[in-house]
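This report refers to the structure that appears directly beneath it.
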Amino acid sequence: MSAHRRIVLIAIVGALIISTSAPLVRLSGVSPATSALFRCAYAVPPMIVLAWLERRRLGPLPLKGLVLAWPAGVVFALDLLFWHHAIDYVGAGLATVLGNLQVFLVAFAAWALFGERPSSRLMVATPVVFAGVVLISGVFDSAAYGRDPVMGVLAGVATSISYAAFLLLMKAGPQRSVGPLAHATVVATVAIALLSPLFGGADLVPSWPAHGWLLLLALGPQVLGWSLITFSLPRQPAALTALLLLIQPMTTVALSAVALGERPSALQLAGCAVIVLGVLYGSRTRSPEPGEPRRKETHRQEVSKAPKG
């Protein structure tokens, strides 16, 4: 198997593992703050081990990586707290689709901060995608799925804003697969513990089988899935990243239907399809004409399209 195919396989496996995040949160049956806290806390020991192995291979993490990883951990904590509330409000599948709105937020933030003008495809897709958000909210749908679809959409949008800030901070640091993520995970654990009273509070007493699901969430999506994604993203073209965007949220919707019995309404499923197809269209880059030099893809373009989970 060629090196390129191995990276493709690693990326797909990472996306499939991450797609189980929201269903595992629902299966745990704990409060959003509790699941967010232990998702990070249980991931800290293996992340430290992996970061230590990376340090032995590549040397100490540069100071810039530490300075950026710490605030990244704070916004990652907000990302998880908002997202786990979105799961509670509108279900695992739809919450995951909403989390992928960060693609657009990162693109427009990069335009404002770095002068990187979004592609015409992205400009066209943006209003279409937000029309999908309205459909998921259930504003025009008496059969909308979820305990509170409108609050679910608001929490999902807050998730995307926090997630976009996290990705921009992580992008600006050194290109390491584990070190910055390990620091961010430790900071996120502390930040979630401090912020949890504002998000309904966290239950600090482990119970079974709830914490079995949370341990699986930490070791699977948080450690293994995210490590595979952070390894593969800088090493693959934008077209494959767009494929990941299509695989991950749709797989979550399917898993949530099978494992959790979630049944979004027809309009909500239509909104889901509009968002996924809009993100897929907007994230595509124009292929150069024959003889035209290919413009170098930036790492920011790749990271901004990381799947949610």
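Rule-based calculations on the coordinates, nothing more; no lab input. Remember, it's a predicted structure, so these values are computed and weren't measured experimentally. Note that we place each Cβ from the backbone using ideal geometry, even for glycine, and neighbour counts take in every protein chain shown.
So here's what we get for this one:
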| read-out | value |
| --- | --- |
| Under 14 Å from the Ala266 label point (7 Å along Cα→beta-carbon), backbone N, the stretch 134-157 | 141-144 |
| Shape call, the stretch 134-206: gyration tensor on alpha carbons, a/c limit 1.5 | oblate |
| Where the Cα pairs of the stretch 119-259 fall when distances are cut into 10 Å bins, in % | 8, 27, 38, 23, 3, 0 |
| Packing-based exposure ordering (other Cβ within 10 Å, fewest first) of His85, His4 | His4, His85 |
| For the chain, size of Cβ-based charge dipole, Lys and Arg +1, Asp and Glu -1, in debye | 1020 |
| From the C-alpha gyration tensor of the chain, square roots of 5λ in Å | 27, 26, 17 |
| Cα coordinate range in the stretch 89-193, projected on the principal axes (Å, largest first) | 48, 40, 18 |
| Which of Val134, Val274 has the fewest Cβ neighbours within 10 Å, and the rest in rising order | Val134, Val274 |
| Modelled FRET efficiency - R0 41 Å, Val150 with Leu9, Cβ distances, 0.05 increments | 0.55 |
| Helix-derived mean residue ellipticity, 222 nm - over the chain, DSSP H n ≥ 4, -39500 (n - 2.57), to 500 | -23000 deg cm²/dmol |
| Under the span-like rule (Cα at least 18 Å along the axis, Kyte-Doolittle mean at least 0.5), DSSP H helices of the chain | 3-18, 63-90, 120-137, 149-172, 179-195, 238-260, 266-282 |
| Projected area, mean over directions - the stretch 1-84, Cα convex hull, nm² | 7.3 |
| About the Cα centre, charge dipole magnitude for the stretch 88-219 (Lys/Arg +1, Asp/Glu -1 at Cβ), debye | 440 |
| Trypsin sites (Lys or Arg not before Pro) lying in DSSP loop within the stretch 80-172, provided at most 11 other Cβ fall within 10 Å | Arg147 |
